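Notes follow once the structure below has been shown.
Just so it is clear, none of the values below were taken in a lab; they were calculated from the coordinates. These figures come from a predicted structure and were not determined experimentally. Because the Cβ atoms are built from the backbone with ideal geometry, glycine has one as well, and the counts that use them run over all protein chains shown.
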Amino acid sequence: MAGNKLFIRRRDGRIEVRLNDAGRAVAREAFGHVVAAERDPDHEWHASLNAPIDPASDDDDVVSKLHRQNEISTNAELAVMTLGEEFLNGAEAWAWLSTFQIALRSTAIANGLMTEEKLETCQPELLGYIRTLQQFLFALAECV
Amino acid sequence: MATETMVAIERPWSVVVWDDPVTPMSVVVVIFKKIFGYSNNKCTQLMLTVHHEGRAIVWSGQRERAESYCVKLQVAGLQSTIEHDQ
């Protein structure tokens, strides 16, 4: 039964997006935040996008940092560009999954929700947002 | 006369993935499969190690490749670091 699935992989390899307007609005907000956070050092998600590669070192390799920044931006921008699409190809679906996952972890880090206890006791609205992103990720992980 | 040869073996670098309370387990498996091309079983085992032990070494070897894998994992949204094996 595929009736309640948010994303469905078709036989031709395309992934059908079955999000309604409210779901696409959540996706738009999440993707938009990732694009903004990568560009704005003051954005509350910026630190989570720039975690150390080698914590034992004073500074990470500049080329690796630039590569990461470029890849995150490319994925997030591709996700934004395809927000209105009914079908995604494999690369676009991967960009959606990566960007949703970054949005999910960044939300948790920015709100100090890095333990199960803190997650379960956070504000209902925030928990609802996190559960929605997780639901999108569960569905996408079955398709990519 | 015997010749003594010293072979210096460089200690490998490890790519470590860290647990967090929000990332769905199935997403971790999918990301490992995509980045490393491991079997479904191996990806599931690694994911369970992350979940139960708080971290797992998912790859070891040359520093440049370890750094590259670490960046790919971070781009996919997982918390990952590299460390020099003892």
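Shape of region B:11-84 from its Cα gyration tensor (a ≥ b ≥ c, root eigenvalues): rounded if a/c is under 1.5, otherwise prolate when a/b > b/c, or oblate? Prolate, since a/c reaches 1.5 and a/b exceeds b/c.
Summarising the amide proton neighbourhood of A:Phe7: residues at separation of 5 or more, or on other chains, whose placed amide H is nearer than 5 Å comprise A:Arg18. Under the combined filter of DSSP loop state and at most 10 neighbouring Cβ atoms within 10 Å, region B:1-71 retains these GluC sites (Glu not before Pro): B:Glu4, B:Glu10.
Here is the list for region A:1-46: GluC sites (Glu not before Pro) lying in DSSP coil, each with at most 16 other C-beta atoms within 10 angstrom of its C-beta, are A:Glu44. For helix B:63-75, what angle does its Cα long axis make with the longest principal axis of chain B, in degrees from 0 to 90 and rounded to 10? In chain B, helix B:63-75 runs at an angle near 10 degrees to the longest axis.
Between the helical axis of A:62-81 and the longest alpha-carbon principal axis of chain A there is an angle of about 30 degrees. Of the GluC sites (Glu not before Pro) found in region A:83-136, those in coil by DSSP whose Cβ has at most 11 other Cβ atoms within 10 Å are A:Glu86. Taking Cα atoms only, the orientation of helix A:90-110 departs from the longest principal axis of chain A by about 50 degrees. Here's how it looks for B:Gln79: its modeled amide H is under 5 Å from those of B:Trp18, which are all 5 or more places away or on a different chain.
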